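Heads up, the thing below is written out as structure tokens.
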Amino acid sequence: MAANVCGNFVSKKINKVRWKPTPDRHISGSDTFITGSWDDPENELALWHYPSSDDQDADLVKLASLPHVGDVTEIKFINTEFFVCSSSFGSVKLNRLVNAGMKSSWSIIEDISWNKLHYFDSAGPGEHCPCTALASFDEDIVTVGEDGRMVLLTAHRKNPVRIMDGADSCSLHCVCFLKYNQVITGNLRGQLKVWDLGVQSHQKPISTFMLSGEQIQATCISQHPTQRHVVLVGGEDGSLTAWDLRQSRFPVTLLSAHPDAVNEVKFHPVQPEHLFTCSASGELWHWNTAALSAAATPGAHLNLGGMGTTQEDDGGGWLGGEASKHRLEVFSLIPALHKPINSLDVDRDSLVCGCDNEAVYLLSNIPI
Amino acid sequence: MNGTTSHYAPKIFGIPDSVCEQVGIIGQWMAGDKIGIHANSHTTSKSSDKPSEYVNHPAFIHHLKLDVVLFDPIVRKLVNESNGTFLAVQKVRKSKVNQNDIQSEYLKLSRQYRSIVRACLENLQEVASNFPLKKEQYLKYVAIFYNIEYIWHLCEILFIDVVPGKWNAVLPQMLDWIRFHFPKCEQQTNRVVASIEGGLSSTLGGSGGGEAHPEYWHALTGLVLQGRVGEARGLLRLHSSARQEAFRAIDEALRTMPVYTVYGGFSVTEFDMRWRCWQVSCSNKIDAGVFSSWPELDFIARILAGQEKVLDEAAKECESWEQMLAAWLLYTDPTVKSFHLGSHASRCIAQFRSQGGKFSVPKAVDSLILSLMESNLHQVGVSYLDHCPTEGEACLNLLLPRVPLTSEKRALKVIQIAKQRDLRHIVLSTCKVMGKRALARKQYGLALAWALRSQDAGFATHLADRFLEGYSASGEFASDSHSYLDLLDNLGSCMLISGRLTFLGKYCEFHRLYRAGDFREAAALLVSLLSSHLAPKYFWMTLLMDAVPLLESNDVVLTSDDTYALMHCLEELITDRNSEMNRAIGHYPIPYSEDYDDDLVGDDMEDEMDDLTIDTNTSNKVTMDRAFKRKEGLIRLALGRNLARAIVHEMSNTE
């Protein structure tokens, strides 16, 4: 069954969208999400409700909004009511969604504000250092910025836990938790670094590797939900690379996917054989690797206990290298838009994406 | 401000600032569409030279920004949505589908566009009625966008919805257009009908026919003028004398009126004939005096007969000349072709004017589009300019560099837009701006990344020099907070854009090899760096000093040839230095020249750091001289010893 698409113009360029997790995550899907805007004199965080997934013409209802200083560069939910967002002005805020009981009486309340976490040592007047990305693991939050700094926060403390000045001599653009004490960062030059946050004394990454020989910015990083050593990295040139962190000198699989920058890569949280990417070229793609993992498993069946359990097996289909490339199934979920799609989020069979044409698109019944 | 302000009526704004009021102001364009304004008294050569009398007054800078209708939240939806339509049209235009399909595709998009505008109108009206404060402004917007839709609808009829093969017949659609946009007679009819229904229920079986309502005849004439035959007949039947001969006659005339449709099955000539017959029969009835006792019916009958004088008179029933045009065409030239519309239209305009009507043509969308570019909606503007044949690219060239680069994300977007359109100079200048900014903030790593991005060899060389200088001073590739090794160790093939950068990359590699204990390879690399002259002269001394531990290592890692090469370099350095000294002595007192300093940067290392505090030129020079001599001795000794060992080693090996 093809997905239902419902587009809504919201009068703000949307930079991030995130589904609000539901308390009973295993029973029902979410129908509420947060958006963050950018490139506007007055940016805002907004909470939206999508009335019903059956009614195709249903309009979005804006439940609440909160003005935001600077572009919203990232939003991450910590639990069902708290979320963290970062700003192009270098600040990070912990916000809370409060519902006074009725459906329409939601509000967004600022809980903690970490101001100027990212700054230039010698900045010109009115110059701000954007916080470009953040990642969260339970209550731990890692933020990175154009100043090359990495800051470790925790959601219940006003003071940063740890500040790593000069984690990178370049500007950092994406970050992702690998384990509770490990993060991976990507910079403007496409250099990826794995950091151990547990080691307090020295500020050296555990390993460093390059996306490619050219200076291609790493735009987003995503870790496979079950195969923890598999990491996918989106590039400024539209490439998608799969890395095996156990032998991370070179990417295992390199795909030239989109014609323009990959803006977000998201695995389906519970069905990791489904991957979603969106791009500055206005495309929204659905990748299905079910066939790949299936292809690897029967192999194991045939030569029982022999050589069958190859490396393909444990990569969720992504570590097959060149051989498996053409077995990837890729679908375009919506006809290419004319403007960049900046962000997407997926929850069960519903997907939401935000675009520079100031619209939010909701897709229900995506075929998974 | 809003889009309809004409060129001839300047808007005047008062700056709420007492100093500005008294002295006068001066303004300057800032980024985009903003103006910065501050108080400024005009001084000339004749003004007396004394401090301003406003010295202690507070000084303000006021930012003025154009408020364009297109930035209103509701209108923004329209802008973005219709931009999608615009691009879809451009895509269809470029596709190689056959003409018919393209036409229907255009029509679909045109209708889509109109429905977008109508949705926007609806939203605007909603806000206007719900928020009294915004009412006036929003009603103004409604007027603007109503006109846009109105005009576009006509364009659609005239240029897009043309049925190929048929005879360019426009009347049916024109009537639709008029009916849609001028619903006055319909509303009047509704009121008449409502009054009768009301009357029936209150004064049961009363004599009140439709004509009792003051708008009855206006409504009827209006319906006839718009060719709404069915509704007109219905209204006629409501008249209390509807059974009289005159009414029956006019009803009959309306019933038999040939209706022209594109797919009606008649040829033009056939239709024309029927039409003429019908009009003659109408005229006959008028001449026979059928309507003589009912002047209103007589008037309508004459309209049906297409009498020009009467139609001109009917203009006062019309709200606009367009409405009159439709009536005129309907009763004088129903098979009119689109290319004859012009002459009919000008006749109607003239007639309508003479009747005291007025009309205006709203225009000037261009300036709005430009202002679009200037602000945060630049992506929408870009996609519009993309499709402008000649001026588009020129505009982009001017406007893209003016997008404020407040974050790297924004810069990268500008670069992306420029790259897609092959505007290489904009890519380069944007990278340069970002690089220079990083340099100003002392983010050398970032600056180098931008230099590499734009393949800017000069900038890369400059930065490599900075790194080397930093190394000479501190002995490591790092600033207070950053280590640059993550960058320098991973330059890859990028280092090739500049010789200096290549050297820097290789030098880092040398250190890496050395640290890894790979002395033989480290030594080979060092020698090749020196003998290939890739290294800048000011760095030679440092390199030679780096060679000393290799020369003194237990194993012989430098061959005799290598040693000769190094000796040669040392000699060259000394010769250069001597000639420099000679030149300097010639110009007593000794000048402390820039290149002279450059040659010796390598000197102020480790053990000499304390000497650097002596700051007079001469003593400085003396200490440097001493340091140089000491290093020279050290290197010579190491070279000599290694040469001896190497020769012995090589000789014993050959045997």
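The values are calculated or read from the model by the stated rules, or taken from the named source; none is laboratory data. Please read these numbers as outputs of a predicted model, since none were measured by experiment. Cβ: placed from backbone, ideal geometry, glycine included. Neighbour counts: every protein chain shown. Ligands, DNA and RNA are stripped out before the accessible areas are found, and what is left, the full protein with its side chains, is counted by its heavy atoms. Shrake-Rupley method; radii C 1.70, N 1.55, O 1.52, S 1.80 Å.
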Tell me, yes or no, whether segment B:54-63 has at least one residue that is more than 14 Å from chain A (Cβ to nearest Cβ), modelled with pLDDT under 85 and open to solvent by less than 60 Å² (accessible area, probe 1.4 Å). yes
Would you confirm whether or not segment B:514-531 contains a residue that is touching a residue at least 12 places away in the same chain (Cβ under 8 Å), within 14 Å of chain A (Cβ to nearest Cβ) and surrounded by fewer than 18 Cβ atoms within 10 Å (Cβ to Cβ)? no
Close pairs from segment B:538-553: first without any contact (Cβ under 8 Å) to a residue 24 or more places away in the chain, partner open to solvent by 10 Å² or more (accessible area, probe 1.4 Å) and of a type in the set (Phe, Trp, Tyr), Cβ under 9 Å, at least 6 apart: B:Pro549/B:Tyr514; B:Pro549/B:Phe519
Somewhere in segment A:205-219, is a residue at pLDDT 90 or above and away from chain B (no Cβ under 11 Å)? yes
Select from segment A:219-252 the residues that are assigned to a loop (DSSP other than H, G, I, E, B) and under 13 Å from the mean Cα position of the chain (by Cα) and write down the one among them that is nearest to A:Ser281 (Cα to Cα). A:His224
Is it true that some residue in segment B:254-267 is in contact with a strand residue (DSSP E or B) (Cβ under 8 Å, 6 or more places away or on another chain), open to solvent by less than 40 Å² (accessible area, probe 1.4 Å) and in a loop (DSSP other than H, G, I, E, B)? yes
Answer yes or no: is there a residue in segment A:110-130 that is within 26 Å of A:Leu192 (Cβ to Cβ), touching an Asp or Glu at 6+ places or on another chain (Cβ under 8 Å), open to solvent by less than 60 Å² (accessible area, probe 1.4 Å) and hydrophobic (A, V, I, L, M, F, W, C). yes
Out of (1) of a type in the set (Asp, Glu); (2) open to solvent by less than 20 Å² (accessible area, probe 1.4 Å); (3) more than 10 Å from chain A (Cβ to nearest Cβ), the one B:Glu476 does not meet is (2)
Output the residue which, of all residues in segment B:480-498 that are surrounded by 18 or more Cβ atoms within 10 Å (Cβ to Cβ) and more than 39 Å from the chain's Cα centre (by Cα), is farthest from the other protein chains (Cβ to nearest Cβ). B:Leu485
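State all residues of segment A:193-207 that are part of a strand (DSSP E or B) and open to solvent by less than 40 Å² (accessible area, probe 1.4 Å); if no residue qualifies, say none.
A:Lys193, A:Val194, A:Trp195, A:Ser207
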Report, by residue number, each residue of segment A:108-140 that is more than 14 Å from every other protein chain (Cβ to nearest Cβ) and farther than 15 Å from A:Phe83 by Cβ. A:Asn115, A:Lys116, A:Leu117
Residue that is surrounded by the most Cβ atoms within 10 Å (Cβ to Cβ), among those in segment B:316-349 that are within 23 Å of B:Asp251 (Cα to Cα) and at pLDDT below 80: B:Cys318
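Can you tell me which residue within segment B:418-447, out of those that are within 10 Å of chain A (Cβ to nearest Cβ) and among the hydrophobic types (A, V, I, L, M, F, W, C), is surrounded by the most Cβ atoms within 10 Å (Cβ to Cβ)?
B:Leu446
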Checking B:Thr85 against (1) modelled with pLDDT under 80; (2) open to solvent by less than 60 Å² (accessible area, probe 1.4 Å), the condition it does not meet: (1)
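Could you count how many residues in segment A:63-93 are part of a strand (DSSP E or B), charged (D, E, K, R) and farther than 16 Å from B:Lys409 by Cα?
2
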If I filter segment B:450-468 for residues that are open to solvent by 30 Å² or more (accessible area, probe 1.4 Å) and at the interface with another protein chain (Cβ under 9 Å from one of its Cβ atoms), do I get at least one hit? yes
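Here is a list: A:Thr241, A:Thr226. Which entry is surrounded by fewer than 21 Cβ atoms within 10 Å (Cβ to Cβ) and more than 12 Å from every other protein chain (Cβ to nearest Cβ)?
Criteria check complete, one pass: A:Thr226.
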Flag if A:Gly190 is buried (at least 17 other Cβ atoms within 10 Å of the Cβ) and within 12 Å of another protein chain (Cβ to nearest Cβ): yes
Residues of segment B:220-246 being part of a helix (DSSP H, G or I) and either of a type in the set (S, T, N, Q) or out of contact with any helix residue (DSSP H, G or I) (no Cβ under 6 Å at 6 or more places or on another chain) (or both), in sequence order, are B:Thr221, B:Gly230, B:Gly234, B:Arg237, B:Glu245
The number of residues in segment A:141-158 that are more than 14 Å from every other protein chain (Cβ to nearest Cβ), part of a loop (DSSP other than H, G, I, E, B) and closer than 16 Å to A:Gly90 by Cα is 1
Scan segment A:255-267 for residues that are in contact (Cβ under 8 Å) with a residue 24 or more places away in the chain and assigned to a strand (DSSP E or B) and jot them down. A:Leu255, A:Val262, A:Asn263, A:Glu264, A:Val265, A:Lys266, A:Phe267
